[in-house]
1. Is it fair to say B:Thr249 is hydroxyl-bearing (Ser, Thr, Tyr) and touching a strand residue (DSSP E or B) at 6+ places or on another chain (Cβ under 8 Å)?
2. Only one of A:Val244, A:Val236, A:Val230 is buried (at least 22 other Cβ atoms within 10 Å of the Cβ) and away from chain B (no Cβ under 12 Å); which?
3. Quick one: A:Ala39 ticks every box in (1) within 14 Å of chain B (Cβ to nearest Cβ); (2) modelled with pLDDT under 95; (3) in contact with a Ser or Thr (Cβ under 6 Å, 6 or more places away or on another chain) except a single one, so which number is it?
4. Since A:Ala304 meets every condition but one in (1) over 30 Å from B:Leu137 (Cα atoms); (2) at the interface with chain B (Cβ under 10 Å from one of its Cβ atoms); (3) touching a residue at least 12 places away in the same chain (Cβ under 8 Å), which condition does it not meet?
5. Condition first: of a type in the set (Val, Ile, Thr) and closer than 23 Å to B:Thr124 by Cα. Now tell me which residues in region B:72-100 satisfy that.
6. Of the conditions (1) charged (D, E, K, R); (2) more than 27 Å from B:Val258 (Cβ to Cβ); (3) touching a Gly at 6+ places or on another chain (Cβ under 7 Å), A:Glu265 clears all except one; give me its number.
7. Quick one: which strands (runs of 3 or more DSSP E) lie wholly within region B:166-267 and hold at least 1 residues that are acidic (Asp, Glu)?
8. Could you list, in sequence order, all residues of region B:223-243 that are more than 7 Å from chain A (Cβ to nearest Cβ), surrounded by fewer than 13 Cβ atoms within 10 Å (Cβ to Cβ) and not aliphatic (A, V, I, L, M)?
Amino acid sequence: MTVLCLVELDGDAVADVSLRALTFARSLAASAASPAGGAGPRAGGADGGAGRAGEGVTAVVFGEAGSVPVADLSAYGVAGACAVESGELTGYAPQAWARALAGLAAGRSATAVVAAGTDRGSEVLAHLGAITGQPMAANCVSAEVTGAGSVRLVRQRWAGSLLEDAVLDGSPALLTVAADAVPAAAAGQPAETSVRAYRPVLGEADLRVRAAESAGRSAGASLATARVVVGGGRGVGGPDGFGVLEELAGLLGGVVGVSRVVTSEGWRPHRQQVGQTGTRISPELYLACGISGAIQHMAGCLSAKHIVAVNTDPDAPIISHADYAVIGDLNQVIPALVAAIRARGTTP
Amino acid sequence: MEILTCVKRVPMVGGKIVVTADGQDVDTRMSGFTVSPHEECAVEEAVRLAERHGGSVTVLTLGPPAAADQLRDMLALGATRAVLLETDGREWGPVATAEAIAAAIRARGCPYDLLLFGNEAADTGDYQAAVRVAHALGLPCVTGIKNLEVTVAADGGAASDGAAAGKGFRARARREYRGVEEVFEIPLPAVVSVKEGINLPRYPSLPGRLRAKRAAIEQSAPPWRPEGLRKERLRVPAGQTKRAEILGTGPDAVPALVALLDELGVLR
């Protein structure tokens, strides 16, 4: 079987989210080879070395053939790559990308099309679902082909606070991958990746929506990638209480994140929100101060390595999500912590 | 300008999510209901656009009879009209939902300059109703939008009676992609899905609430149909809850906290 995987680039390498999607796609393709359900993380193309042409995972990259990151794809066991080249496709165009994927899926009789559950991946697969008239399963955690040719899958609801066991009947089956729940893993054996160019047939309507990138870098990026996040919630008390959290974040080389109530009250801008409707963070340390721990907030910090809570209520939900907790008022604890860190800096 | 906004009734879950014994739904006996956050912002955006450009805002939902509560909440924020596509309580998938919405829009003669959705529902997170409606109606579609400007095109003709929907309007929609801003320029009519943060929704006014209470809600009942993604069971992921190690109480815990931060390697 062939599984197409939309690959997004980060500079001239495969984006981390797409490495995760490729890992997922490889597992799905492998499950078809042994549909009893023993789908391991082995490469779909690993049967007999590089596998037969067209079998396993085919990566789809939008750009010139020369821009395809062959080394990354090879490490992930991808036997074939398609470079979608088009004079009309100079930037991102969601419906045009979906039209190209539809053409490729039909031409190669793809069993499934996979994309990372990013803004682009979700949007392009939704267009592909509408173009092909097929259902689409969003934010999948795992999937395998059953004997009957359906796809049995687990997917996230409530941004990962709930899981759904489901069966998908689609031809092709369309799946996006919950990026923070599927780790990237290279194939046991690298594949010999051959690159072919593909020129899609696009209609006028496919090109109505095209992105122009503006130079302005948004402020949300640092929160998503910060090594330390100091969180503030309702317990901060008001818009004037964040100074000490900013000060602590500065001392730790981190940034401030906030809960939804803080942005809904207008205390802080929405770009600082951590959670289901804000930014997903993955820091080494998340220090959550005065945050009760609603599931919508916790969904934004599933990837945090360590969570430390400071809360007056020992029964707050956050205590059940944190690794460590201080029971107390952040407005007393955090200033004392800042003072202690500063004192440590001056007296080694 | 005429704007349609689609919203979804979802459980208001707090610190814990509980699944019903049959594994088919979220247990809502102890919770209320609300509109998905992105969609509340879509309604606020629609009301602001109507305040600026004139016209009206229709809010539509597909849901059980009790979803009329959510429609009234949105009327209280300033929506003009409400439409309920009534279900029998079974969960609808995104394909059937989009078809029912598109059919309801066609039945009204496609009079809308702009169709606003939330980027994804808070509960199912399917990310596709807006896109499927756009395809069904042959409209351009942008998603994940955090900033929307609607302007009257230089050749004019907007909002005059009898003009085709969207005539003379253009939109500039922005979103973030990997920390870089993406800008889309599209003619209207179009479908736009938005994310929370595009605006800060207002609190309903008292007159708004009173008006919403009295407002008539248009109703119809499209037939449910199964689709290719079949839910078998919902479950809470294992290992999500633990019990934090308590470092201490109040400022007295600071030395232990400093030692922990040191151990984690975050002190510089």
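1. Values: hydroxyl-bearing (Ser, Thr, Tyr): yes; touching a strand residue (DSSP E or B) at 6+ places or on another chain (Cβ under 8 Å): yes.
Yes; evaluated as a whole, the condition is true for this residue.
2. On the way: A:Val244 fails: buried (at least 22 other Cβ atoms within 10 Å of the Cβ); A:Val230 fails: away from chain B (no Cβ under 12 Å).
Result: A:Val236 is the single residue among A:Val244, A:Val236, A:Val230 that is buried (at least 22 other Cβ atoms within 10 Å of the Cβ) and away from chain B (no Cβ under 12 Å).
3. (1)
4. For A:Ala304, the failing item is (2).
5. Keep residues of region B:72-100 that are of a type in the set (Val, Ile, Thr), which gives B:80, B:83, B:87, B:95, B:97.
Answer for region B:72-100, where residues must be of a type in the set (Val, Ile, Thr) and closer than 23 Å to B:Thr124 by Cα: B:Val83, B:Thr87, B:Val95, B:Thr97.
6. (3)
7. Values: elements: B:169-177, B:180-187, B:190-194, B:217-220, B:229-235, B:245-249.
It comes to B:169-177, B:180-187, B:217-220, B:229-235, B:245-249.
8. Filtering region B:223-243 for residues more than 7 Å from chain A (Cβ to nearest Cβ) gives B:223-226, B:238-240.
Checking which are surrounded by fewer than 13 Cβ atoms within 10 Å (Cβ to Cβ) leaves us with B:223, B:225-226, B:238-239.
Residues satisfying the conditions are B:Pro223, B:Arg225, B:Pro226, B:Gly239.
The values are calculated or read from the model by the stated rules, or taken from the named source; none is laboratory data. Keep in mind that what you see is a predicted model, and the values were worked out from it rather than measured. Please note: Cβ atoms are built from the backbone with ideal geometry, for glycine as well, and neighbour counts cover all protein chains shown.
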